[in-house]
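Novice: Have a look at this one.
The values are calculated or read from the model by the stated rules, or taken from the named source; none is laboratory data. All of these numbers come straight from a predicted model, not from anything done at the bench. Glycine gets a Cβ as well: all are built from the backbone with ideal geometry, and neighbour counts include every protein chain shown. Calculation scope for accessible area: heavy atoms of the full protein, side chains included, ligands and nucleic acids excluded. Shrake-Rupley method; radii C 1.70, N 1.55, O 1.52, S 1.80 Å.
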Amino acid sequence: MFKYGFRYFEVVEVTLIAFLYTGLVVVLVVKFPKRFKPVQHIANHIFYGLVVLFFAITIYINLKVNGYALHIDRWSAMTEGIAALLNGNYPYSALDHLGGRTSNLPTLFLIGLPFYLLGDVGLLQSFTFLVFAGIIYKLIKSHAIRIVSLLLLMSSLWYLYEIVVKSDLVSNTILVLAGLVYLFKLTNNEGLKRAFLLGILAGMLIFTRLVFALPVGILFTLPFIKASLSERIKFLLGFFTAAICLGALVFYTCPSFEVFYAENPFTLQNRQLPLWLSLLLAGLSIYFLSKLKTVEQLLRNSFVALAIPVVVAFFIIVNDTGFKGAIIDSHFDITYFNLFTPFLVLYLSLQLDAKYVDNHA
């Protein structure tokens, strides 16, 4: 609201809209579950109806929005990167419609490929919305809170913005979240019995964006410590197999080391979210390792681990450029907050679900 609202409204109007929006969210969370009983018998129909409706809306938005008219190039960067890769060219040298280059790691190219072949990588957002809706349905017990959680996502300005600009950031986060939830249940039941496969999957999650090494590390550290030596070796073999194969997929076309040094995804991802900062602050997440016993704790710990480097990087830039410079003049990309927002939304929904179920047991 602060970044874009002032382009169209006065300060008082933006403030009023923000308060009204916040009030509606509070009413949704507090009042809706209490008023839900009269329609309890058609709860699933309401949930599925909302999913189908919003899915259709996201497809409509993607078809109607002209990506080349946008001043956001994540969709274009992914498109040009995939096109270069399919043509046997080095993807990190390809320029998008704003003259930028992709910072996507290899797994994201593979994820975006089907949607590129469909003609619009923005459709990835529609697919991942269905994934998030599936997670909500699977993890949340209360029919009322399932709908509340879905409405919270559908009405979130940050999420609607990502859909309109065809960005892959929230899609990336949702897919990593889904992978972590699945892998948590697997390791919670079996430990590292499928060590080689788990290593491959861990590598694939990290090779979407390097910052996701933080929640992946939180998930696998304790199971890795408790595993046998052979399981640890198999896990590491799986991880490095994934890393080598994914790396070879994109870097074999690089013409020289000089080009790699100047044009690589690690430098681009390091620009606003420094790797040294993520690694330095990752140590703080070790505190939560011993408490990783439920999905809720996994989501909370992942949210904390991802939020710390983003927030610290944000305040470093605010200190350097001022709040207006960081937000209005875009010295900091505020969409990076979406690296952890889906984790927070689902975590709060599960907390609300537990409270609601306990009160209506």
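Novice: Mind checking which of Leu124, Ile61, Ala178 is farthest towards the positive end of the chain's charge dipole, using Cβ charges of +1 (Lys, Arg) and -1 (Asp, Glu) about the Cα centre?
Specialist: Value computed over the given set: Ala178.
Novice: Taking the alpha-carbon distance from Lys64 and a cut-off under 23 Å, which lysines remain once sequence neighbours fewer than 8 residues away in the same chain are dropped?
Specialist: Lys166
Novice: Further question: Quote the charge dipole size of the chain about the Cα centre in Debye, to the nearest 20; the model charges only the Cβ of Lys and Arg (+1) and of Asp and Glu (-1).
Specialist: With only Lys, Arg, Asp and Glu charged at Cβ, the dipole is about 1340 debye.
Novice: Would you mind checking Lys193/Lys293; Lys226/Lys355; Lys3/Lys141; Lys31/Lys324; Lys138/Lys226 for any pair whose Cα atoms are more than 25 angstrom apart?
Specialist: Cα-Cα > 25 Å for Lys226/Lys355; Lys3/Lys141; Lys31/Lys324; Lys138/Lys226; rest within.
Novice: Based on the alpha-carbon gyration tensor of the range 105-254 and its eigenvalue square roots a ≥ b ≥ c, which shape applies: rounded if a/c is under 1.5, prolate if not and a/b is larger than b/c, or oblate?
Specialist: Note, shape of the range 105-254 comes out oblate.
Novice: Give me the percent of accessible area attributable to carbon and sulfur for the chain, probe 1.4 angstrom.
Specialist: Exposed carbon and sulfur together represent 68 percent of the surface.
Novice: Shifting gears a bit: Among Pro255, Pro309, Pro106, which one shows the biggest mean-square fluctuation in a GNM of the chain, springs joining Cα atoms closer than 10 Å?
Specialist: Pro255
Novice: Using the heavy atoms of the protein chains alone and a 1.4 angstrom probe, what is the accessible area of the chain per residue in square angstrom?
Specialist: Per residue, the chain has 49 Å² of solvent-accessible surface.
Novice: If you take the charge dipole of the chain about its Cα centre, with +1 on Lys and Arg Cβ and -1 on Asp and Glu Cβ, which of Ala94, Ile46, Ala262 is farthest toward its positive end?
Specialist: Checking the options against the dipole of the chain, the answer is Ile46.
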